[in-house]
Amino acid sequence: MKIIIDGYNLMYRMELSGSLEKKRDSMLETLAEFLSVNPNDMTVVFDGRNNPSGHRGKEMKFGIKVCYSARGEIADDYIMEMITKRTGKAKEYLIVSSDRMIVDFAKEHFMKTASSDEFIGYLE
C-alpha cells in the first residue's frame, strides 16, 4: 500500500512535545516503528510556506519519504497533485488527513482514506 500523510494535520493530533522540528522527528520515528511491522511505501507531506529556497523539498528520513511544499504552496495542493498523478491502482493508496477537501478529493479518485485520529489508532 502507498500511504500519503498530511504531515502537520497528523502531527498536531498526536501528543508530542518540544520544538516544531522535535515534534516532526518524533512523529516520523513513530511512523517508522509502524512501518517496521507494517511494511508500506509512505510519504509525509508538510507545508513549506516559509521555505527559504522557495522550491519543493524532498528527503528520506527513517525510511520515509518526506516532502515539503514550495513557498506560497500548501501541503494540500501538493497532496492533491500526488493523487492526480498517482502511479498504480487507486485501491493501493491510503490518504491520511482530517482535511475535508483532501478526503473528498481522494474519494473522488477512488482512494481509501483515514482521518488523522483513525490513523493514530493504528499507531498505538
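With respect to the conditions (1) at pLDDT 95 or above; (2) surrounded by 12 or more Cβ atoms within 10 Å (Cβ to Cβ); (3) of a type in the set (Ser, Thr, Tyr), Thr84 falls short on a single one, namely (2).
Is there a residue being in contact with a Lys or Arg (Cβ under 6 Å, 6 or more places away or on another chain) and either of a type in the set (A, V, I, L, M, F, W, C) or without any contact (Cβ under 8 Å) to a residue 60 or more places away in the chain (or both) anywhere in region 97-107? No: region 97-107 contains no residue that is in contact with a Lys or Arg (Cβ under 6 Å, 6 or more places away or on another chain) and either of a type in the set (A, V, I, L, M, F, W, C) or without any contact (Cβ under 8 Å) to a residue 60 or more places away in the chain (or both). Filter region 91-124 for residues that are surrounded by 15 or more Cβ atoms within 10 Å (Cβ to Cβ) and among the aliphatic types (A, V, I, L, M) and give the result. Residues satisfying the conditions are Leu94, Ile95, Val96, Ile102, Val103, Ala106, Met111, Ala114, Ile120.
Each row is one residue, and each column tells you yes or no for (1) modelled with pLDDT of 90 or more; (2) surrounded by fewer than 17 Cβ atoms within 10 Å (Cβ to Cβ).
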{"position": "Met1", "(1), (2)": "yes, yes"}
{"position": "Met14", "(1), (2)": "yes, yes"}
{"position": "Val45", "(1), (2)": "yes, no"}
{"position": "Gly57", "(1), (2)": "no, yes"}
{"position": "Tyr68", "(1), (2)": "yes, no"}
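Being touching a Cys at 6+ places or on another chain (Cβ under 8 Å), in contact (Cβ under 8 Å) with a residue 24 or more places away in the chain and either assigned to a strand (DSSP E or B) or within 22 Å of His109 (Cβ to Cβ) (or both) narrows it down to one of Val44, Val66, so name that one. Criteria check complete, one pass: Val44. When region 89-110 is limited to residues that are farther than 11 Å from Ile79 by Cβ and of a type in the set (A, V, I, L, M), the one that is nearest to the chain's Cα centre (by Cα) turns out to be Leu94.
Of all residues in region 82-94, those that are at negative phi and hydrophobic (A, V, I, L, M, F, W, C) have Cβ atoms under 7 Å from Cβ atoms of residues that are surrounded by 10 or more Cβ atoms within 10 Å (Cβ to Cβ) and not in a strand (DSSP E or B), 6 or more apart or on another chain, in Ile83/Phe105; Ile83/Ala106; Ile83/His109; Ile83/Met111; Ala90/His109; Ala90/Phe110; Ala90/Met111; Leu94/Met1. Just to be sure, is Leu28 touching a strand residue (DSSP E or B) at 6+ places or on another chain (Cβ under 8 Å) and either at positive phi or part of a strand (DSSP E or B) (or both)? No.
Consider Gly18 carefully, then state whether it is of a type in the set (Gly, Ala, Ser) and surrounded by 13 or more Cβ atoms within 10 Å (Cβ to Cβ). Show your work before the answer.
Working: of a type in the set (Gly, Ala, Ser): yes; surrounded by 13 or more Cβ atoms within 10 Å (Cβ to Cβ): no.
For Gly18, the condition - of a type in the set (Gly, Ala, Ser) and surrounded by 13 or more Cβ atoms within 10 Å (Cβ to Cβ) - is not met.
Scanning region 95-123 for residues that are aliphatic (A, V, I, L, M) and either assigned to a loop (DSSP other than H, G, I, E, B) or over 20 Å from Thr30 (Cβ atoms) (or both) yields a total of 5.
The values are calculated or read from the model by the stated rules, or taken from the named source; none is laboratory data. Being a predicted model, the structure only gives us computed values, none of them experimental. Here the Cβ is made from the backbone with ideal geometry for all residues, glycine too, and neighbour counts use every protein chain on show.
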